[in-house]
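Okay, so here's the structure we're looking at.
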């Protein structure tokens, strides 16, 4: 396939009538957001990338108010032209990558319960909004997301290709580290929404590897425990500039006999 197979994300029945019903949030929802926000607010200075911290301030999220998507959309529009698209939770790959390709970030509007503060099987609004959206104020980061989605849509019916591209997404957007002024910092949303992994990933316990497309394409990841390795970029332009290499090396991997991949 040499064309991008997108879906109509604005009329797809899987997203029909989904929106943020702000009046439905309960007292527990506001308390959960506050606790998680304040906990990470204490945890992230010195750990999070400056781009994330700047983005968090720019997007206007605070501890005392569950994020308002309409307000965030206005701010994101001014910075990069991206926007939030409400989803029910985990969604199919074709819809996920089509949303990203149309510069819409899939975001849940529901929050975990108080008993789930430390572990949640499926990403909720705190993960999606607090940890992902601030970096959508960074143009190079957004360019990378958009073009990575474009590659995925070319191969959307090839499970092996999607698996390898999901590794790129996982080890960058979800669990990536960045060097800033000679120090390791976090930009991956899966880390930024986790107190435990924020501390763990910067410790001496896991492996710290330089960002390498070939290695990531062939490296499985963990969904149910901390990663044992993290890949480090030197800047978001490096991510964006690696798009041609991702496309080239993916094509070469796909041409290998199955036992070599």
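Among the listed residues 160, 148, identify the single one that is crowded, with 21+ Cβ neighbours inside 10 Å and either touching a residue at least 60 places away in the same chain (Cβ under 8 Å) or part of a loop (DSSP other than H, G, I, E, B) (or both). Exactly one residue qualifies, and that residue is 148.
Among the residues of the range 177-197, the ones that are buried (at least 22 other Cβ atoms within 10 Å of the Cβ), in contact with a strand residue (DSSP E or B) (Cβ under 9 Å, 6 or more places away or on another chain) and either touching a residue at least 60 places away in the same chain (Cβ under 8 Å) or outside any loop (DSSP other than H, G, I, E, B) (or both) come to 6 in all. Suppose the filter is in contact with a helix residue (DSSP H, G or I) (Cβ under 8 Å, 6 or more places away or on another chain) and either under 29 Å from residue 5 (Cα atoms) or crowded, with 21+ Cβ neighbours inside 10 Å (or both); does residue 102 pass it? So residue 102 does not fit the description; no.
Cβ-Cβ distances below 6 Å connect the following pairs, each with a first residue in the range 1-12 that is closer than 12 Å to residue 149 by Cβ, a second residue that is assigned to a loop (DSSP other than H, G, I, E, B) and modelled with pLDDT of 75 or more, and a separation of six or more residues or different chains: 5/156; 9/102.
In contact with a helix residue (DSSP H, G or I) (Cβ under 9 Å, 6 or more places away or on another chain) and in a helix (DSSP H, G or I): does that describe residue 85? Criteria not met by residue 85. The number of residues in the range 211-240 that are closer than 19 Å to residue 199 by Cβ, in contact with a strand residue (DSSP E or B) (Cβ under 7 Å, 6 or more places away or on another chain) and free of Cβ contacts under 8 Å to residues at least 60 places away in the same chain comes to 4.
Only one of (1) over 30 Å from residue 179 (Cβ atoms); (2) in contact with a helix residue (DSSP H, G or I) (Cβ under 9 Å, 6 or more places away or on another chain) is not met by residue 18, so which one is it? That leaves (2) as the condition not met. Of the numbered criteria (1) free of Cβ contacts under 8 Å to residues at least 12 places away in the same chain; (2) within 28 Å of residue 6 (Cβ to Cβ), the one residue 153 fails is (1). Name every residue in the range 208-225 that is surrounded by 18 or more Cβ atoms within 10 Å (Cβ to Cβ) and not in a helix (DSSP H, G or I), in order of residue number. Answer for the range 208-225, where residues must be surrounded by 18 or more Cβ atoms within 10 Å (Cβ to Cβ) and not in a helix (DSSP H, G or I): just 211. Is it the case, given these coordinates, that residue 125 is buried (at least 17 other Cβ atoms within 10 Å of the Cβ) and touching a strand residue (DSSP E or B) at 6+ places or on another chain (Cβ under 6 Å)? Yes: the conditions hold for residue 125.
Every residue, every condition in (1) closer than 20 Å to residue 173 by Cα; (2) touching a helix residue (DSSP H, G or I) at 6+ places or on another chain (Cβ under 7 Å); (3) assigned to a helix (DSSP H, G or I); (4) modelled with pLDDT of 95 or more, yes or no:
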site: 28; (1), (2), (3), (4): no, yes, yes, yes
site: 34; (1), (2), (3), (4): no, no, yes, yes
site: 39; (1), (2), (3), (4): no, yes, yes, no
site: 53; (1), (2), (3), (4): yes, no, yes, yes
site: 89; (1), (2), (3), (4): yes, no, no, no
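The values are calculated or read from the model by the stated rules, or taken from the named source; none is laboratory data. Here the structure is a predicted model, which is why all the values come from computation and not from measurement. Here the Cβ is made from the backbone with ideal geometry for all residues, glycine too, and neighbour counts use every protein chain on show.
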